[in-house]
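Structure, as structure tokens:
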């Protein structure tokens, strides 16, 4: 079982650019959640996707958007990048409301 | 809003017990979780406890929950150097899969 896989593992962008991060959920899972973990902080909930729709959203601006595909995989898009968007972005999958399984994350550096 | 607090750092000798504490503010939590994060890695679920339980034991791990005081603790028996990591407590704030994390406790195990 591959677990939750995320890509890319590391990337560097400049301010104002756009980024897309990808996540494949654990086999059998249908729900994907995204979290942002700034350096030295705990993860913060961005949003959750189920049945290809955003089901819940945390306190993040509209620059953060996402998508879930019919195969349950998901993308996180961030537009107009700011220096403060530099963080580890974690994807977590679950079967409905059950316990989350996290991926290793995508580390984004904004210069 | 919901808040989860943890002490930042704990140092223990190998073979001793470690106790990591956490306080939370939300009274609607259904489950409370402990996650482990090693350097450069994602989050590994260690254990979780249902909010109407007082205690849960899982091999070297013991979770104690005082719901009245909104206090959660994780005890690691016979702590090993491989236990060195950051430990996060999280609560689901009554909303499945949307977790609120603490800032993490860095556990250092010395020989």
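The values are calculated or read from the model by the stated rules, or taken from the named source; none is laboratory data. Quantities reported herein were computed from a predicted structural model and do not represent experimental measurements. Virtual Cβ from ideal backbone geometry, glycine too; neighbours counted across all protein chains shown.
Here are some notes:
- Taking (1) under 26 Å from residue A:5 (Cβ atoms); (2) part of a loop (DSSP other than H, G, I, E, B) in turn, residue B:46 satisfies each apart from (2).
- Members of segment A:87-99 that are within 13 Å of the chain's Cα centre (by Cα) and either more than 17 Å from residue A:31 (Cα to Cα) or within 8 Å of chain B (Cβ to nearest Cβ) (or both): A:87, A:88, A:90, A:92
- Residue match in segment B:55-78 (condition: surrounded by 17 or more Cβ atoms within 10 Å (Cβ to Cβ) and under 30 Å from residue A:7 (Cα atoms)): no
- The residue that is surrounded by the fewest Cβ atoms within 10 Å (Cβ to Cβ), among those in segment A:94-111 that are modelled with pLDDT of 95 or more and part of a strand (DSSP E or B), is A:109.
- Residue check: residue A:65 meets all listed conditions (1) without any contact (Cβ under 8 Å) to a residue 24 or more places away in the chain; (2) within 8 Å of another protein chain (Cβ to nearest Cβ); (3) assigned to a strand (DSSP E or B) but one, namely (2).
- Checking each residue in segment B:18-35 for being surrounded by 13 or more Cβ atoms within 10 Å (Cβ to Cβ), more than 19 Å from residue B:45 (Cα to Cα) and away from chain A (no Cβ under 14 Å) picks out only B:25.
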